[in-house]
Amino acid sequence: QATIMDNWLKIRLDTIMPNLLQRENIDMWIIACREYNEDPVIMSLLPATSMSARRRTILVFAKNTNGTVNYLTLSRYGYGDLYEPVWNPEEEDQHACLARIIQERDPQTIGINTSTTFAFGDGLSHTEYALIADAIGEPYRSRLTSADRLCVGWLERRIPDELTAYARLVEIGHSIIAQA
């Protein structure tokens, strides 16, 4: 199952994510959360065998000028081939790394998971926000914007292989319910 799910995630990242970033006019999307206080969208972005965020997990989706997206992780633990690890804890602080990545790429809009409307787009804790805002400083702090519609768009979209599998999964679920 994990192999199938990770393959689906890779396809989703390559086909859905660039369109959502473009649609929402977001150049960079940052998802930051801690173990036991996960953002509602994080588990849909991690490999299937990930049980939770680890320590502090920071994922960065950076849109390139050609429309492709770089998938970066600033985390102690790798996420296979899905995300490029860009943080070395022996060389720099995690938030200093985030500031460096932002400065190198100079995004005009930086999406973060805050929302007054959608709970699934409001997963950034106050502490994580404060740490990010302090680390990146100006002018980048003023470029932070809600990524709530991006979150909902990511969660609601499915690739054809997922849609095909869901019909069978619903059958299995109904069978289990009937038996119970």
Handout entry: Segment residue 36-residue 14, length gained on full extension (0.36 nm per residue, minus Cα span)
Key = 5.1 nm
Handout entry: Accessible area (Å², per residue) of the chain, counting only protein heavy atoms and a probe of 1.4 Å
Key = 54
Exercise for the section: Heavy atoms only, probe 1.4 angstrom, no DNA, RNA or ligands counted: give me 174, 95, 126 ranked by accessible area, highest first. Expected result: 126, 174, 95
Problem - Probe 1.4 Å, all protein chains present, accessible-area order of 138, 24, largest first - result: 138, 24
Practice task
Pop a pseudo-label 7 angstrom from the Cα along the beta-carbon direction at both residue 180 and residue 159 and give the gap in nm to one decimal.
Solution key: 3.0
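To two decimal places, what compactness ratio does region 123-180 give when its Cα radius of gyration is scaled by 2.2 N^0.38 Å? Write down the numbers at each step before the final one.
Numbers: Rg = 20.1 Å, N = 58, 2.2 N^0.38 = 10.3 Å.
Against the compact-globule rule of thumb, the ratio is 1.95.
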Completion exercise
For region 1-75, using Cα atoms only, the Rg and Dmax in Å read 12.6, 37
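Would you kindly calculate the mean projected area, averaged across all directions, of the convex hull enclosing the Cα atoms of region 77-136, in square nanometres?
For region 77-136, averaging the hull's shadow over all directions gives 5.5 nm².
When only C-alpha pairs under 8 Å and at least 6 residues apart count, what is the relative contact order of region 58-180, in percent?
Reported relative contact order: 17 percent.
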Practice task
Enter the angle in degrees (range 0 to 90, nearest 10) between the Cα long axis of helix 160-179 and the first principal axis of the Cα atoms of the chain, meaning the one along which they spread out most.
Solution key: 50
Problem - Share of Cα-Cα pairs in region 31-73 lying beyond 16 Å, as whole percent - result: 39
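Using only the Cα atoms of region 1-155, what semi-axes does the equivalent ellipsoid have when each is the square root of 5 times a gyration tensor eigenvalue? Give whole Å, largest first. Walk me through the intermediate numbers first.
Details: eigenvalues 86, 66, 52 Å².
After diagonalising the Cα gyration tensor, the semi-axes are 21, 18, 16 Å.
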Handout entry: Antiparallel DSSP beta bridges within the chain, as percent of all bridges there, nearest 5
Key = 65
Problem - Förster radius 25 Å - calculated FRET efficiency between residue 130 and residue 49, Cβ distance, rounded to 0.05 - result: 0.20
Fill in the blank from the handout: With every protein chain in place, the accessible area of residue 149 for a 1.4 Å probe, in Å² rounded to the nearest 10, comes to 130
Exercise for the section: Express the carbon and sulfur contribution to the solvent-accessible surface of the chain as a percent, rounded to the nearest whole number, probe 1.4 angstrom. Expected result: 51
Fill in the blank from the handout: Plugging the Cβ-Cβ distance of residue 119 and residue 4 into 1/(1 + (r/R0)^6) at R0 = 35 Å yields, to the nearest 0.05, a FRET efficiency of 0.80
Exercise for the section: Place the peptides 14-23, 63-72 in order of packing, highest mean first, counting for every residue the other Cβ atoms within 10 Å and averaging per peptide. Expected result: 14-23, 63-72
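The values are calculated or read from the model by the stated rules, or taken from the named source; none is laboratory data. What you see is a predicted model, and the numbers here were worked out from it, not measured in a lab. Please note: Cβ atoms are built from the backbone with ideal geometry, for glycine as well, and neighbour counts cover all protein chains shown. Just the protein is used for accessible areas: all its heavy atoms, side chains included, with ligands, DNA and RNA removed. Shrake-Rupley method; radii C 1.70, N 1.55, O 1.52, S 1.80 Å.
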